[in-house]
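Here's the structure we're looking at; comments come further down.
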C-alpha cells in the first residue's frame, strides 16, 4: 500500500515546490513593481531632486527644536502684520462710508420723516452706529486673517505648528491640538472655540475652550496698538518709537501664550484632572493650496458667520450705550452716575470708572471699547472735541492722546493696565454664546467667563499696587 502511494507523494511534493517558487517569483516581481512606481512618483523627471527629499528637508527646518519655533514666530508675525496693515485702508474706507455718509443719510431721512429725536437717536446714534462700527472694524481683518490661516492649514504647515507646541501643551496637561485652536483664536475667539472640536478628549477640549480667551482676537488689537503707539511708543526716543510700540504689543501677545499654558496647567491639576491623551500626529504631505476655493470657503464658513454673531450682539449694545448717556437721573445721566460709582474701584486697579463702564456696556464687541471710552470721557468731562451723548466717535492718535491725558487724566499706568486688562478680561458675549453652544453646560460657561475676569483684576491690582509702592504711578 505504502509503495503504491510513494509516486503520488513525490509528485505532490514537486508541485508544492513549483508553486512556492512561482509564488516567490510573483511576489518579488510585485515588490519591484511597487518600488518602481513609488520611485517614479517621488522622483523628479530630471532626477536632480525628489519630492520626498524636499518634504523631509522642509520638515527638518519647520519642526526643528529651535529653528521651528523661530520660523513659527516669523510666520505668524507676518500673518498678523499683513492682517493689521492690510486692513487699515479697507477699514478706513468702510468706516468713512458707514460712519459718515450712510450715518448722515439716515439722519436726513429721519428728519424728512419727522422722526422723534429720541427714536432717531436710539436707532441711528445707538443701534446703527455700534453695528456699523463693528462691521468696519471686524470685517476687513477677518476677511484677511481667516483666508491666510486656512491657506497655511491647506499647505500642511499648521500640523507642524501643533507638533512644535505639543511638548509645551503636554507639560500643561493639555492636548497638542489646542495649539491650533489657540492660533484660530487670534482671528476670533468664537471661531477658536468652535475649532476645539478637533480635540477628542472632553476634558482637554474644555481646557482649550476656557483658555482660548487669552488669544488676542482682532477686536482687541486696535486697543493694544493704540495704547502701545500713543503711550509706550511716545515715551521712547523718536528713532525707536515704532519699535517700542510694536515690541509692547508683541510682549502682550507672548504673555497671552504664557497665561494660556499656565492656566491650562492649573485646570489640568485642579478642576479638570486627568491623564493627557496620547497624541499621534501624522504630518500630512505638503500640497499647493487651492486659493480661490480657500478664500470663498473661509469667507462664508468663518468670516460671515462670526461677523453676523457679532452684529446680533452689537446692536443691543449700541442701544444701551445711547440710553446710558441720554437717560437723565437728576442732574446727571445714568452713565455719569455709574462712572462716579465705578471710579474708585477702577483707580484701585490702575484703571478708571470710564474704562470699567465701557467694558460693561460694550461686552458684545471689543471693537467698540475705544470709541465708547472717548465718548464717555468727553461727554462726562470737558467736551473739547464736540462729542454727542451716546454717539461713538473716532479721533486721530494725537487727539486721542490729548483727550485721554488732559480730560481723562490717564497715565502710563492706565495705558499698561488697559493693555493687560484687554488681554485677560472676560470673553465678549459672542464668544460666551459660542461657549454655551459648544458645551451646553452652565458651570463651564460661567467658569470660562469669570476665570479670565478674576485673573484680569488680579494682575492689574498687582501692577497698580507695585507702581504705587515704587513711585511709578
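FYI, it's all coordinate maths here, none of it is from the lab. Predicted, not measured: the structure shown is a model, and the values here were computed from it. Counting neighbours? That spans all protein chains shown, and the Cβs are built from the backbone with ideal geometry, glycine included.
Placing pseudo-labels 7 Å out from each Cα toward the beta carbon at residue 167 and residue 247 gives an inter-label distance of 2.8 nm. For the pair residue 472 and residue 327, a Förster radius of 51 Å applied to the C-beta separation gives a FRET efficiency near 0.85, rounded to the nearest 0.05.
Note on residue 304 and residue 119: their simple-model spin labels are 3.3 nm apart, each label 7 Å out from Cα toward Cβ. What the pair-distance distribution of the stretch 313-469 shows, using all Cα-Cα distances binned every 10 Å from zero, is 11, 37, 36, 14, 2 percent. Distance from the alpha carbon centroid of the stretch 131-145 to that of the stretch 434-467 works out to 25 angstrom. Exposure proxy shown here: for 123, 450, the number of other Cβ atoms within 10 Å sets the order, fewest to most, as 450, 123. Arranged from fewest to most other beta-carbon atoms within 10 Å of their beta carbon, 269, 425 become 269, 425. With N counted as the residues of the chain, its alpha-carbon radius of gyration over 2.2 N^0.38 Å works out to 1.30.
Equivalent-ellipsoid semi-axes for the stretch 84-150 (Cα gyration tensor, √(5λ), whole Å, largest first): 31, 11, 7. Judged by the mean number of other Cβ atoms found within 10 Å, the most tightly packed of the peptides 289-297, 352-360 leads the ranking 352-360, 289-297. Of 442, 177, the sequence from fewest to most neighbouring Cβ atoms within 10 angstrom is 442, 177.
The value for the stretch 126-284 of Rg(Cα) / (2.2 N^0.38 Å) is 1.17.
Relative to the globular-protein estimate of 2.2 N^0.38 Å, the Cα radius of gyration of the stretch 387-460 stands at 1.48.
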